[in-house]
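The values are calculated or read from the model by the stated rules, or taken from the named source; none is laboratory data. Just so it is clear, the model here is predicted, and its values are computed rather than measured. Here Cβ is always computed from backbone atoms with ideal geometry, including for glycine, and neighbour counts include all displayed protein chains.
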Amino acid sequence: MELLRLLDRPIAFQRSFVRIGAGVTGALLLSQLVYWTNRADNEEGWVYKTQEEWEEETGLSRYEQEGARKKLRSLGLLQERKQGLPAKLFYRIDIPVLYQLLGVTSLDVEFPHTSMGKTTKPVGGKPANNHTETTTDIPPNPQGGETAKVNFQEVAEAFNEILGNRLPTVQQLNDKRKRQIKKLVAELHEPTVEAVRAYFEAFAQSANSFYFGDNKRGWRASFDYLLRSDTLTKTREGAL
């Protein structure tokens, strides 16, 4: 029990970042970048971190980091630049974009412009111990099941990318599955593929080993299982 007490510390994680489409891995990386941005020793907010340092701090592998960075760049949240010889990769949050996505309507601070000529120093030190829970909120769609065009193939690809190494992959999309996808999307907080990805990632993070074959029958959850409304509800409520 003493070991469990030592391990009883949740990961620093801003759940609101999942809601804006960053996904679980993107939200984790962004949360850590926010931490270091507030401690950057330059006015422009650029932070230098190696892949090894990101992995040590977040647990994200190189592949997961690249996927998270790609997602954050697509949202306009992450700026990157290389500087120096040998070149080092620096990161910066586009704070006005972050505020906009979070629904903040007014900014009470000024954000400096980029000055590519100014050298920034690596940020060092250890992360703080103020942590938040890793439970991921997937709020219902406030628009009450708004009908939206859904790219069914992207939904299937998201499932295969996030869960394909642990669950049976999606090989085809028939009409029944397309109807189930439409129904699922209508129950999410926004009718987008990004919201579906957040749901799949939340399931991957919170579901116990039973859903991945650790049971007497060897049963595993499937794509169709995750499309069910009750599975979404269980994931939201942490009842898996």
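Laid out as a table, the results:
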| read-out | value |
| --- | --- |
| Any hit, the range 220-231, residues being among the charged types (D, E, K, R) and within 21 Å of N151 (Cβ to Cβ) | yes |
| Helices (runs of 4 or more DSSP H) fully within the range 1-68 counting 2 or more residues that are modelled with pLDDT of 90 or more, closer than 16 Å to F90 by Cα and not aromatic (F, W, Y) | 23-37, 51-58 |
| Wholly within the range 148-240, helices (runs of 4 or more DSSP H) carrying at least 2 residues that are among the hydroxyl-bearing types (S, T, Y) and closer than 25 Å to A27 by Cβ | 193-206, 229-237 |
| Answer residue from the range 124-174, given it is loosely packed, with under 14 Cβ neighbours inside 10 Å and of a type in the set (K, R) and is modelled with the highest pLDDT among those | K149 |
| Filter result for V170 (under 22 Å from V18 (Cα atoms), out of contact with any strand residue (DSSP E or B) (no Cβ under 8 Å at 6 or more places or on another chain) and among the hydrophobic types (A, V, I, L, M, F, W, C)) | no |
| Residue ID - farthest from the chain's Cα centre (by Cα), chosen from residues in the range 74-100 that are over 12 Å from G45 (Cα atoms) and either of a type in the set (F, W, Y) or assigned to a helix (DSSP H, G or I) (or both) | P96 |
